[in-house]
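Following: one structure in structure tokens, then a few remarks.
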């Protein structure tokens, strides 16, 4: 018998409460019953986003919410600044180019963060910049960017700060209002503990003026239509009814745990994972700006990174992620995001040790487990 365990940075495991909600009989979305769910979800999302702004729900992946940010804020020929330090920073660039936005790219070395002072230098050189696109947690590298610092740089400028929080919200602190973040986008399959299929986007008053002026073509992702429906506790198009009902349960779970406790749990699991990797002699890819949602480590010399991931998944049912883009085969990424507990990490480290030993990597068996347990016992 083989059981399957998911330790990837999206999708993440589903709690039993979510599975139960997803199994309920379908209801119609233009009914008072569904409106009640939407009303509860609207308040719950504001709590997680830490904002007083509306949070709109899109039936899409997180990339749909990213595209919605681009097409609703800007117009053909506008200039934007993109903080690009991994595959998902690159996605902002690609989205801008698809709609005739002119992206000016700050290339950040993979595995590194960006000093807000460097961001300020770029903005000072180019006053025509209308939006800065960045990432909270870059999934491909395991890096968390200084969004609070970026907000301080942009709050008194004409430009808006747009954050891809798809792999961070609900796992890492992001205070939209207090940190002067203008737009936050997210998806359902990570910190929210749901299957893929929902995108979320929240827009500040400052950024909404951009929405009113945008000339980019849009229809399904039109936030004006989303707001018109939202104000009536409705959706402009058919929503993913079952996912929204399950989202309501996830939001209740997160509120019951308490945001501070949610962030503390993720940090403890991240610290344990990183301690284990170091004890095994594996090099952390981002030792100075590591994400509490996912840990990226370099594959040791002589070990086939793709085979390592495949062996863990196919032989033992433990799925972690490999490297992306230029780091394909060179990294492994272990997630500790969403519906995760201490023993998920222990199990993942145990499997990693077993496969590394079988592949001929030299280390003291149990070293990673011991290091992780010492962190978890504190």
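The values are calculated or read from the model by the stated rules, or taken from the named source; none is laboratory data. Computed from a predicted model, the values in this text were never measured in an experiment. Counting neighbours? That spans all protein chains shown, and the Cβs are built from the backbone with ideal geometry, glycine included.
Going by the structure shown, is residue 85 assigned by TED's automatic domain parsing to the domain that holds residue 194 and either closer than 30 Å to residue 246 by Cα or within 22 Å of the chain's Cα centre (by Cα) (or both)? Don't jump to the end; show me each part of the working.
Numbers: assigned by TED's automatic domain parsing to the domain that holds residue 194: yes; either closer than 30 Å to residue 246 by Cα or within 22 Å of the chain's Cα centre (by Cα) (or both): yes.
The answer is yes for residue 85.
Keeping to the range 1-48, report how many residues are assigned to a loop (DSSP other than H, G, I, E, B) and closer than 13 Å to residue 194 by Cβ.
So the answer is 6.
If I ask for residues that are in contact with a helix residue (DSSP H, G or I) (Cβ under 6 Å, 6 or more places away or on another chain), part of a helix (DSSP H, G or I) and at pLDDT 95 or above, which ones from the range 310-330 would you list?
311, 312, 316
As an exercise: evaluate residue 336 against (1) at pLDDT below 95; (2) in contact with a strand residue (DSSP E or B) (Cβ under 8 Å, 6 or more places away or on another chain) and give the number of the one condition it does not meet.
All conditions are met except number (1).
Within the range 156-178, can one find any residue that is surrounded by fewer than 24 Cβ atoms within 10 Å (Cβ to Cβ) and within 20 Å of residue 321 (Cα to Cα)? Can you show your working first?
Step one: filter the range 156-178 for residues surrounded by fewer than 24 Cβ atoms within 10 Å (Cβ to Cβ), giving 156-159, 172-173, 175, 177-178.
Now narrow it down to the ones that are within 20 Å of residue 321 (Cα to Cα): 172.
Checking the range 156-178: at least one residue is surrounded by fewer than 24 Cβ atoms within 10 Å (Cβ to Cβ) and within 20 Å of residue 321 (Cα to Cα).
For the range 91-170, which strands (runs of 3 or more DSSP E) that fit wholly inside it have 1 or more residues that are free of Cβ contacts under 8 Å to residues at least 40 places away in the same chain? Reasoning before the result, please.
Working: elements: 102-107, 129-135, 160-164.
Here the list reads 102-107, 160-164.
Just checking, does the range 334-349 include any residue being without any contact (Cβ under 8 Å) to a residue 60 or more places away in the chain, surrounded by fewer than 22 Cβ atoms within 10 Å (Cβ to Cβ), more than 25 Å from the chain's Cα centre (by Cα) and not assigned by TED's automatic domain parsing to the domain that holds residue 111?
no
Looking at residue 184 and the list (1) in contact (Cβ under 8 Å) with a residue 60 or more places away in the chain; (2) touching a strand residue (DSSP E or B) at 6+ places or on another chain (Cβ under 8 Å); (3) buried (at least 24 other Cβ atoms within 10 Å of the Cβ); (4) assigned to a loop (DSSP other than H, G, I, E, B), which single condition is not satisfied?
The single condition residue 184 does not satisfy is (4).
Only one residue in 164, 146, 107, 78 is within 27 Å of residue 237 (Cα to Cα) and at pLDDT 95 or above. Which one? Even if it seems obvious, please write down each step before you answer.
Values: 146 fails: within 27 Å of residue 237 (Cα to Cα); 107 fails: within 27 Å of residue 237 (Cα to Cα); 78 fails: within 27 Å of residue 237 (Cα to Cα).
Just one listed residue meets the conditions, 164.
Here are the criteria: (1) outside the structural domain of residue 43 (by TED's automatic domain parsing); (2) touching a strand residue (DSSP E or B) at 6+ places or on another chain (Cβ under 8 Å); (3) in a helix (DSSP H, G or I); (4) crowded, with 18+ Cβ neighbours inside 10 Å. Tell me which single one residue 276 does not satisfy.
(2)
Does residue 354 qualify as being in contact (Cβ under 8 Å) with a residue 12 or more places away in the chain, surrounded by fewer than 16 Cβ atoms within 10 Å (Cβ to Cβ), more than 27 Å from the chain's Cα centre (by Cα) and assigned to a helix (DSSP H, G or I)? Working first, answer last.
Values: in contact (Cβ under 8 Å) with a residue 12 or more places away in the chain: yes; surrounded by fewer than 16 Cβ atoms within 10 Å (Cβ to Cβ): no; more than 27 Å from the chain's Cα centre (by Cα): yes; assigned to a helix (DSSP H, G or I): yes.
In short, no.
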